[in-house]
Amino acid sequence: MDRIVLYENDISNILFSTKYDNELEIQELVKNQPGIIELSSIFDSPLLIIGRETHRIDVLGITLSGIPVIVECKRKDNPDMRYLIAQIFEYGSALQNKNFDDLDTYARNYFNSERCKETKYKNKSLLEALSILKNENSDYDDISNENIQETIYNNLKEGNFYLLAVADEIDDITKGTIEFMNSKLGGLYIEMVEIKKYKANATIVFVPQHTNPTSTIHTNSSKKRVSSGIGKTTVEEMKSRGTTQQNEHITQIINIWENYDDCSIVMGTSGLSMRYKDIAIFWLFVDSLRIANPLKSQLKTKKMPEKLYDDILSVFKRKFTEKSVYIDNIIIEDFKCVSEAIYKLLNGVKVKES
């Protein structure tokens, strides 16, 4: 029997794996504690639950970046486990025929029902609930959130969903089938999450494990660039909307930034985030470059010097006047100077005014 050791106040306690009472227990766990499946190997942003058993979907959610989430819960000993994959695709197909207003209705109905235990969402619309979630996650790099309603609409239209199979344990046959289909389907991918339950007396611990994570980091000329995920654009798609001059500037800006150690590019739905380690420094769109909105709060979260944000902003404004600049107006040598100075600041090196 599987077991874990729990240490609390220097006292150890052995907890043994145990069965869930029923599938409703798994659903309730995911619904009431979405953080249990909010794994960085799956999601790019915080998760909001907007429905339980909505059109037969066990748990319906949406990420702060505007991507719908379908969660199907099963126990290993459920004879319907073999139908898990078909159910997920059936629900995904049905959801693709919905629009933003439909999701808003589902969310309002759920928020006002007894099933929703988070009273802060009562009488709220979907956009209002997402705004609350965004305020609670002020350091989230929300480049995908420029127009969240349009983003949600486009993801529904394109069928860009997170599809999750959640169980206490997923049998080998189901795992093999999901892995096979994932390798053949291209744009669709079913994530598998096992949540083990451990218990000793009145103490219960749930341990989630993402059983089929895929690496989202690909090498680009020895530099790290996060590839496009669900609902995300690519550099090529981004350039397809730009002029020749804008595209030349975008290419040069990306190349300059990726040349620094610990600097990377993360794609969003309409542009990209230029990061130092996991801190968003700039947002780059086809028509503009700007200081990332969550930069100040992210620096604070990382316990970096309080003056650092003001210093970064000062360096940027010396060349570009405001917190954002049109791509067409950027002189590449100016960006090179700005990025070099900001990189030095991030590494604790003082920068002279020039």
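The values are calculated or read from the model by the stated rules, or taken from the named source; none is laboratory data. Given the structure is predicted, the values throughout are model-derived calculations rather than measurements. Here Cβ is always computed from backbone atoms with ideal geometry, including for glycine, and neighbour counts include all displayed protein chains.
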> Restricted to the range 308-330, and to residues that are free of Cβ contacts under 8 Å to residues at least 12 places away in the same chain and within 22 Å of ILE250 (Cβ to Cβ), which residue is surrounded by the most Cβ atoms within 10 Å (Cβ to Cβ)?
Replying inline: LYS317
>> Just checking, does the range 16-26 include any residue being surrounded by 22 or more Cβ atoms within 10 Å (Cβ to Cβ), in the same structural domain as ALA202 (by TED's automatic domain parsing) and on the phi < 0 side of the Ramachandran plot?
In response: yes
> Which condition number does ASN97 fail, the rest of (1) at pLDDT 95 or above; (2) in contact with a Leu (Cβ under 9 Å, 6 or more places away or on another chain); (3) loosely packed, with under 13 Cβ neighbours inside 10 Å being met?
Replying inline: (1)
> Looking only at residues in the range 244-284 that are without any contact (Cβ under 8 Å) to a residue 24 or more places away in the chain and in a loop (DSSP other than H, G, I, E, B), which one is nearest to LYS296 (Cα to Cα)?
Replying inline: ASP278
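Listed residues ASN154, ASN182; which is out of contact with any Asp or Glu (no Cβ under 8 Å at 6 or more places or on another chain), touching a residue at least 40 places away in the same chain (Cβ under 8 Å) and within 22 Å of TYR91 (Cβ to Cβ)?
Result: ASN154 is the single residue among ASN154, ASN182 that is out of contact with any Asp or Glu (no Cβ under 8 Å at 6 or more places or on another chain), touching a residue at least 40 places away in the same chain (Cβ under 8 Å) and within 22 Å of TYR91 (Cβ to Cβ).
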> Has the range 267-288 got at least one residue that is over 29 Å from PHE161 (Cα atoms), buried (at least 19 other Cβ atoms within 10 Å of the Cβ) and not assigned by TED's automatic domain parsing to the domain that holds GLY159?
Replying inline: no
>> Checking the structure you have, find out if any residue of the range 75-92 is among the hydrophobic types (A, V, I, L, M, F, W, C) and closer than 30 Å to PRO294 by Cβ.
In response: no
> Where residues in the range 248-297 are more than 23 Å from ASP310 (Cα to Cα) and small (Gly, Ala, Ser), which of them is nearest to the chain's Cα centre (by Cα)?
Replying inline: GLY268
> Do we have ALA107 as under 20 Å from the mean Cα position of the chain (by Cα), touching a residue at least 60 places away in the same chain (Cβ under 8 Å), surrounded by 14 or more Cβ atoms within 10 Å (Cβ to Cβ) and part of a helix (DSSP H, G or I) here?
Replying inline: no
